[in-house]
Amino acid sequence: MIRIGDFARLACVSVRALRHYETKGLLRPGHVDTKSRYRYYDLQQLATLERLLLLKALGLPLHAIRDLLGATEPNAASITYSGPYLPPEDLYRRMCKWVGLQRLTLARRGSNT
């Protein structure tokens, strides 16, 4: 289990963002200490956070992301988001931005080892 601050640094997000995602039901800590109220995350939750950040970068609202992350079947959540779709050029631009952020994240992780 990883403390919230360490998990945030590993994922290159703020502790505040992790707490926000928790309140929105997107990413709950793996464990919360009953005495200290420290939040702990499993390393496996990093993949969930990365999916969340990708979907957010693609322009999906948080409620749609929550539905997608909570879906047990691939097609189960596809009908829950009926908002506007991004034009292909906007989608491409956001995906390029996300790929750039992922490269930066990987470079940061590499320099911390």
Give me Arg19, Arg108 sorted ascending by neighbouring Cβ count inside 10 Å, so fewest comes first.
Arg108, Arg19
So which lysines can Lys35 reach, going by Cα to Cα under 25 Å and dropping same-chain residues fewer than 8 places off?
Lys24
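Every number here is computed from the coordinates shown, using simple stated rules; none is lab data. Predicted model, so just to flag it, every value in this text is computed and none were measured. Don't worry about glycine lacking a Cβ; one is built from the backbone with ideal geometry, like all the others, and counts go over all protein chains shown.
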